[in-house]
Amino acid sequence: MRAVLRAALDAAEGQVVVLAHSLGTIIAYDVLREAERDVPLFLTVGSPLGVREVQDLIAQPLAVPAGVRAWRNASDWRDVVALDHTLRPAYAPPELCSDFMVVNDSWNHHGIREYLRTVPVREAVVPLVTGP
């Protein structure tokens, strides 16, 4: 899965927005830590990256990947995967990382479609992909 994301990033020209969900946020985080890409937005939804047991498996120190200008994390308090909903305190520098609590009304409060409909996700992505 890492190779697929690496290939997609290598094939993309210019800036890229990286949107990752669930366990895919761990893969995206790992690949972005290795990549040298200009990423105006790294957006994670329903992410387990706040869970201490997951963080213990990540190469330390925990940090916003180089090249990422903003990391926005959205989570629902009831999400069965995102057990620790805040990333900002753990990933340096904290001013590049923002946590947003949202309402995800999918049956398990983890569905990607419902996360994509939330205001913090839309207001971050739309201006970057639609242009002026």
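Note on the range 64-82: residues that are surrounded by 16 or more Cβ atoms within 10 Å (Cβ to Cβ), closer than 17 Å to residue 93 by Cβ and modelled with pLDDT under 95 total 1. The condition of being loosely packed, with under 13 Cβ neighbours inside 10 Å, out of contact with any Gly (no Cβ under 8 Å at 6 or more places or on another chain), free of Cβ contacts under 8 Å to residues at least 24 places away in the same chain and of a type in the set (Lys, Arg) holds for residue 113.
Residues of the range 83-110 that are within 22 Å of residue 30 (Cα to Cα) and exposed (fewer than 12 other Cβ atoms within 10 Å of the Cβ): 93, 95.
Residue-wise test of (1) modelled with pLDDT under 95; (2) touching a helix residue (DSSP H, G or I) at 6+ places or on another chain (Cβ under 9 Å); (3) charged (D, E, K, R); (4) more than 15 Å from residue 88 (Cβ to Cβ).
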{"position": "17", "(1), (2), (3), (4)": "yes, yes, no, yes"}
{"position": "32", "(1), (2), (3), (4)": "no, yes, no, yes"}
{"position": "35", "(1), (2), (3), (4)": "yes, yes, no, yes"}
{"position": "49", "(1), (2), (3), (4)": "no, yes, no, no"}
{"position": "57", "(1), (2), (3), (4)": "yes, yes, no, yes"}
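The values are calculated or read from the model by the stated rules, or taken from the named source; none is laboratory data. The model shown is predicted, which means the values in this text are computed figures rather than measured ones. Ideal geometry is used to build each Cβ from the backbone, glycine not excepted, and the neighbour counts take in all protein chains shown.
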